[in-house]
1. Charges at C-beta only: +1 for Lys and Arg, -1 for Asp and Glu. How large is the resulting dipole of the chain about its Cα centre, in Debye rounded to 20?
2. Relative to the longest principal Cα axis of the chain, at what angle does helix 23-50 sit, 0 to 90 degrees, rounded to 10?
3. To make sure I understand the rule: partners must be lysines, Cα under 26 Å from the Cα of K28, and not fewer than 8 residues away in the same chain. Which ones qualify?
4. Straight-line reach only, C-alpha to C-alpha below 16 angstrom: list the aspartates and glutamates that K49 could link to, leaving out same-chain residues fewer than 8 apart.
5. So for the chain, what are the equivalent ellipsoid semi-axes in whole Å, largest first, each being the square root of 5 times an eigenvalue of the Cα gyration tensor?
6. Taking the chain, which trypsin sites (Lys or Arg not before Pro) meet the DSSP loop condition and have no more than 14 other C-beta atoms within 10 Å?
7. May I ask which residue of L29, M1, G52 lies farthest towards the positive end of the charge dipole of the chain, with charges of +1 (Lys, Arg) and -1 (Asp, Glu) on Cβ and the Cα centre as origin?
Amino acid sequence: MARLAIAPVRDLMKDSGAKLVAKDALTKLVEFLEAEVEELTRKAIGFAKHAGRKKVMMTDITLAIKG
């Protein structure tokens, strides 16, 4: 079951030029985005712990995105 709201993702796709979006395509994209969020969060937690913090900060997310 998707945890991200599907409607905003559909809106983003339409804003990017998609006129029609199949439900299975939308579901697949939401699944991918959720997996990316989970992976980036795990990396950001690692950076926060390395800095001696429990709180994940914007800098941790930025570092996680950079790789």
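Coordinate-derived values only; no laboratory data. Worth saying up front: this structure is predicted, and the values here are computed from it rather than measured. Cβ: placed from backbone, ideal geometry, glycine included. Neighbour counts: every protein chain shown.
1. Once rounded to the nearest 20, the dipole reads 260 debye.
2. Its long axis makes an angle of about 10 degrees.
3. K14, K19, K43, K66
4. Cα-Cα hits under 16 Å: E39, D60.
5. Over the Cα atoms of the chain, the semi-axes work out to 31, 12, 9 Å.
6. R3, K19, R53, K54, K55
7. G52
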